[in-house]
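The values are calculated or read from the model by the stated rules, or taken from the named source; none is laboratory data. Please read these numbers as outputs of a predicted model, since none were measured by experiment. Neighbour counts are summed over all protein chains in view; Cβ atoms, including those assigned to glycine, are modelled from backbone coordinates with ideal geometry.
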Amino acid sequence: MAFVSFKAEGRATYGIARPDGVFDLGRHIGAAFPDLRSFLTAQSLGRIASLPEPLTTDYATGQFTYLPIIPNPAKILCVGLNYQDHLAETGRRPADYPTLFTRFADTLTAHNAPMLLPAVSSAFDYEGELAVIIGKQGFHVPEEKSLDIVAGYSLFNDGSIRDWQRHTNQFTPGKNFPATAGFGPTLVTKEEAGPLPEKSIQTHLNGQQVQSAHLGDMIFSIAKVIAYITAFTALSPGDVIATGTPGGVGFTREPPLFMRSGDTVTVTIEGIGTLTNTIQSAP
């Protein structure tokens, strides 16, 4: 099963992806759970025993626009330097613990929506990633039980403003310009996704493949990352973890390959889907 956050008829809502469109859960369940984050919270508390039937199509493809799959996460935690080839191309040394930084919710943009190139920079880099979406409250979760709190997976493009990222040794400025991170299009449940390690992840810029790896190439696995994060902070339904990008990013190339206004960038993960964004100059 795959969930979608979307906008139709001027209304923000969420639902279940159908072959020909979406089934509007927000309409059928009611105002008590107005968005996907509240739906996941209610599910984790046992307040939603079953989904409405039948799963008809309320909006056909083309009758709605996507929203970031979790439009309002309380926490967005991102893992840096989590693939060996990316670690090598940056010249960094291996670390004993995951490298973490945070994003704000207003940095997210949806599938088929633009990622915005800030006026103060021309060093806009792509970073295709797997996003993990939390489905249950978790604090001090042991590694062997970490996946129990996962609702499912999505795609993430951790668009990075490289010059601002390198102003200091903290990543925050380069990762938090508005609408610089693509997120979506769907949340694929972990049961639907199945085992992840052999699944491929690829990024294409204007049709050219620029990144390619397998999810099993991560230095710190999803379970290890969740166990580490929940050792210092609680995770809640709707929280997002971006798990890191493979090698092939633009700033390490000669000459550097950055995204420009008018470009199209896609991130594809086998069995999870494809995230597509255009690049536009910020107003």
| task | Name, by its number, the condition in (1) in contact with a Phe, Trp or Tyr (Cβ under 9 Å, 6 or more places away or on another chain); (2) of a type outside the set (S, T, N, Q); (3) within 27 Å of ILE229 (Cβ to Cβ); (4) surrounded by fewer than 21 Cβ atoms within 10 Å (Cβ to Cβ) that does not hold for ALA282. | result | (3)
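Determine, yes or no, whether HIS140 is buried (at least 22 other Cβ atoms within 10 Å of the Cβ), in contact (Cβ under 8 Å) with a residue 60 or more places away in the chain and not in a strand (DSSP E or B). Working first, answer last.
Details: buried (at least 22 other Cβ atoms within 10 Å of the Cβ): no; in contact (Cβ under 8 Å) with a residue 60 or more places away in the chain: yes; not in a strand (DSSP E or B): yes.
In short, no.
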| said: Tell me whether segment 237-256 contains one or more residues that are surrounded by fewer than 18 Cβ atoms within 10 Å (Cβ to Cβ) and at positive phi. | reply: no
| Scope segment 87-103; condition of a type outside the set (Lys, Arg), in contact (Cβ under 8 Å) with a residue 40 or more places away in the chain and not in a helix (DSSP H, G or I); matching residues | PRO94, TYR97, PRO98, LEU100, PHE101, THR102
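To keep it simple, each residue is scored yes or no on (1) more than 15 Å from the chain's Cα centre (by Cα); (2) under 20 Å from LEU196 (Cα atoms); (3) aliphatic (A, V, I, L, M).
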| residue | (1), (2), (3) |
| --- | --- |
| LEU108 | no, no, yes |
| LEU117 | yes, no, yes |
| ILE134 | no, yes, yes |
| VAL150 | no, yes, yes |
| SER154 | no, yes, no |
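Could you pull out the residue among PRO142, PRO178 that is within 19 Å of the chain's Cα centre (by Cα) and modelled with pLDDT of 95 or more? Give the derivation first.
On the way: PRO142 fails: within 19 Å of the chain's Cα centre (by Cα).
Step by step, each of PRO142, PRO178 is checked, and only PRO178 is within 19 Å of the chain's Cα centre (by Cα) and modelled with pLDDT of 95 or more.
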| query | Out of all the residues in segment 119-134, which are crowded, with 24+ Cβ neighbours inside 10 Å and either among the β-branched types (Val, Ile, Thr) or not in a strand (DSSP E or B) (or both)? | reply | TYR126, GLU127, VAL132, ILE133, ILE134
| task | Scan segment 175-194 residue by residue and report those that are within 20 Å of LEU117 (Cβ to Cβ) and surrounded by fewer than 23 Cβ atoms within 10 Å (Cβ to Cβ). | result | ASN176, PRO178, ALA179
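Which of the following residues is farther than 30 Å from GLU9 by Cβ, surrounded by 16 or more Cβ atoms within 10 Å (Cβ to Cβ), touching a strand residue (DSSP E or B) at 6+ places or on another chain (Cβ under 7 Å) and in contact (Cβ under 8 Å) with a residue 40 or more places away in the chain: LEU81, LEU116, LEU108?
LEU81
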| field | Pairs with Cβ under 6 Å, 6+ apart, first in segment 226-238 and farther than 28 Å from VAL4 by Cβ, second of a type in the set (S, T, N, Q) | value | ALA227/SER146
| request: Test SER221 against the criterion of being within 18 Å of the chain's Cα centre (by Cα), surrounded by 18 or more Cβ atoms within 10 Å (Cβ to Cβ) and without any contact (Cβ under 8 Å) to a residue 40 or more places away in the chain, and give yes or no. | output: yes
| said: Of the conditions (1) surrounded by fewer than 20 Cβ atoms within 10 Å (Cβ to Cβ); (2) over 17 Å from the mean Cα position of the chain (by Cα), ILE161 satisfies every one except a single condition; which number is it? | reply: (1)
